[in-house]
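A.B. asks: Below: one structure in structure tokens.
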Amino acid sequence: MAHKIAVLPGDGIGPEITEQAVRVLGALGLDLELHTEPVGGAAYDVHGHPLPASTLNLAKESAAILFGAVGDWKYDSLARELRPEQAILGLRKALGLFANLRPAILYPQLANASSLKPEVVSGLDILIVRELTGDIYFGQPRGVREVADGPFKGERQGFDTMHYAESEVRRIAHVAFQAAQKRSKKLCSVDKANVLETSQFWRDTVIEVAREYPDVALSHMYVDNAAMQLVRAPKEFDVVVTGNLFGDILSDEAAMLTGSIGMLPSASLNASNQGLYEPSHGSAPDIAGKNIANPLATILSAAMLLRYSLNEAGRADKIEEAVQAVLQQGLRTADIFEPGTTRVSTSEMGDAVLKALK
Ligand code: IPM
Ligand code: MN
């Protein structure tokens, strides 16, 4: 039976980078049924909503979603619920995509791209496991209200709510422990347990889950220290598990350690391994339509799609090897270009990956 895949290109460079990933998926001899729908600003333009029912339904019916990127300044003045970002938040919530896997890998061929010293980052290979459907991102109540009493009585006040239910912490902890078992059996849980009740509860719950994984060495770190250690000695980390907000921030930091956010894929999975796969970078509207964006993060996201949602690890490996091969050939899009390498366009990079696959 054909695997149904939703292709949601989105805004900015989204369409041109997903186009290359779709070409790669099409070249592997798999029985795939690809359907494309607009999302984000592109969907707002056509349907008046960033996540219209037609797009959401396609996503729900698909085994996996290949997602480009959303967002553009021209939507900044829209009400919050109509902004492009709501599409990705809505998809995460509607599909229960609670487990966000964000690898930060420094490819040896790109060792000079990092702003850190080569000896600090060479060989870097971290996996951030970010909880994606809870925390202050989705907590209720939230909004703007009038302060009832105290020193700010009578003023307006913005507020959000941070909370984590036990089952939410447990399920993401299981994902992280299992990922650690497949890697170097080291897991660092990041929280702010010295200040936040939610974090103390997170830490206690992760410690309980750890009893089921005696082979994994669990450590804990406060998020401020983790931000510091990530730039001081990033290779001390292997798998990191953390909540939605801290994971958002730390995964951008970890991505930048590699100096090439255009290279990093991500997977967002639910309990039945249905997943949304997207590059870690954004929609980069400033370079949209110029055929200069780096499609490798999206191509590597397609590899994660094969690995996690289609159980096609062998073909995923092939894509990853093809990407290494084109880097080895010295081909570089503008974002990772350095003297002595060959500058290529978005579509030329896609061509090269396809050729390396053969
Ligand atoms: C990300 C993004 C999103 C987030 C935004 C676009 C809502 O920054 O995927 O990391 O904060 O989760
Ligand atoms: Mn982010």
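The values are calculated or read from the model by the stated rules, or taken from the named source; none is laboratory data. Since the structure is predicted, the reported quantities are computational estimates derived from the model, not experimental observations. Glycine gets a Cβ as well: all are built from the backbone with ideal geometry, and neighbour counts include every protein chain shown.
A.B. asks: Restricting attention to the stretch 158-178, which residues are assigned to a helix (DSSP H, G or I) and farther than 19 Å from Ala193 by Cβ?
C.D. replies: Ser167, Arg171, His174, Val175, Gln178 - these are the residues of the stretch 158-178 that are assigned to a helix (DSSP H, G or I) and farther than 19 Å from Ala193 by Cβ.
A.B. asks: Which count do you get for residues in the stretch 229-259 that are more than 16 Å from ligand 2 (Cβ to nearest atom) and outside any helix (DSSP H, G or I)?
C.D. replies: Residues flagged as more than 16 Å from ligand 2 (Cβ to nearest atom) and outside any helix (DSSP H, G or I) within the stretch 229-259 amount to 6.
A.B. asks: Scanning the stretch 60-81 for residues that are within 16 Å of ligand 1 (Cβ to nearest atom) and small (Gly, Ala, Ser), which turns out farthest from Asp286 (Cα to Cα)?
C.D. replies: Per the stated criteria, the residue is Ala79.
A.B. asks: Within the stretch 287-305, can you find the residues that are farther than 13 Å from Leu101 by Cβ and either within 16 Å of ligand 1 (Cβ to nearest atom) or free of Cβ contacts under 8 Å to residues at least 40 places away in the same chain (or both)?
C.D. replies: In the first step, residues of the stretch 287-305 are kept if they are farther than 13 Å from Leu101 by Cβ; the result is 287-299, 302.
Scanning the stretch 287-305 gives Lys290, Ala297, Thr298.
A.B. asks: Could I ask something else about it? Within the stretch 47-81, take every residue that is in a strand (DSSP E or B) and touching a Leu at 6+ places or on another chain (Cβ under 9 Å) and give me the one that is farthest from ligand 2 (Cβ to nearest atom).
C.D. replies: Ala64
A.B. asks: So, one more: Tell me, please, whether a residue that is within 14 Å of ligand 1 (Cβ to nearest atom) and closer than 17 Å to Gln274 by Cβ can be found in the stretch 151-161.
C.D. replies: no
A.B. asks: Continuing with this model, one more query. So for the stretch 211-219 (the condition being buried (at least 16 other Cβ atoms within 10 Å of the Cβ) and out of contact with any strand residue (DSSP E or B) (no Cβ under 6 Å at 6 or more places or on another chain)), does at least one residue qualify? Explain how you work it out, then say what you get.
C.D. replies: Just the residues of the stretch 211-219 that are buried (at least 16 other Cβ atoms within 10 Å of the Cβ), to begin with: 213, 216, 218.
Still in the list and also out of contact with any strand residue (DSSP E or B) (no Cβ under 6 Å at 6 or more places or on another chain): 213.
There is at least one residue in the stretch 211-219 that is buried (at least 16 other Cβ atoms within 10 Å of the Cβ) and out of contact with any strand residue (DSSP E or B) (no Cβ under 6 Å at 6 or more places or on another chain).
A.B. asks: Looking at (1) part of a loop (DSSP other than H, G, I, E, B); (2) in contact (Cβ under 8 Å) with a residue 40 or more places away in the chain, which one does Tyr213 not meet, given that it meets all the others?
C.D. replies: The single condition Tyr213 does not satisfy is (2).
A.B. asks: Is there a residue in the stretch 110-121 that is in a strand (DSSP E or B) and among the charged types (D, E, K, R)?
C.D. replies: no
A.B. asks: Would you be able to tell me the number of residues in the stretch 82-103 that are within 13 Å of ligand 1 (Cβ to nearest atom) and either within 17 Å of Pro15 (Cα to Cα) or not hydrophobic (A, V, I, L, M, F, W, C) (or both)?
C.D. replies: Result for the stretch 82-103: 11.
A.B. asks: Looking only at the stretch 232-265, count how many residues are away from ligand 1 (no atom under 16 Å from the Cβ), surrounded by fewer than 17 Cβ atoms within 10 Å (Cβ to Cβ) and closer than 30 Å to Ala302 by Cβ.
C.D. replies: Residues in the stretch 232-265 being away from ligand 1 (no atom under 16 Å from the Cβ), surrounded by fewer than 17 Cβ atoms within 10 Å (Cβ to Cβ) and closer than 30 Å to Ala302 by Cβ: 1 in total.
A.B. asks: While we're on this one: Restricting to the stretch 1-18, give me the number of residues that are part of a strand (DSSP E or B) and either of a type in the set (A, V, I, L, M, F, W, C) or under 16 Å from the mean Cα position of the chain (by Cα) (or both).
C.D. replies: First, pick out the residues of the stretch 1-18 that are part of a strand (DSSP E or B): 3-10.
Cutting the leftovers down to either of a type in the set (A, V, I, L, M, F, W, C) or under 16 Å from the mean Cα position of the chain (by Cα) (or both) gives us 5-10.
The number of residues fulfilling the criteria is 6.
A.B. asks: Val223 is checked against (1) touching a strand residue (DSSP E or B) at 6+ places or on another chain (Cβ under 8 Å); (2) within 16 Å of ligand 2 (Cβ to nearest atom); (3) touching a residue at least 40 places away in the same chain (Cβ under 8 Å) and fails just one. What number does that condition carry?
C.D. replies: Status for Val223: all satisfied but (3).
A.B. asks: Kindly evaluate Leu327 against the criterion of being in contact with a Ser or Thr (Cβ under 8 Å, 6 or more places away or on another chain), farther than 16 Å from Gly275 by Cβ and at pLDDT 95 or above.
C.D. replies: no
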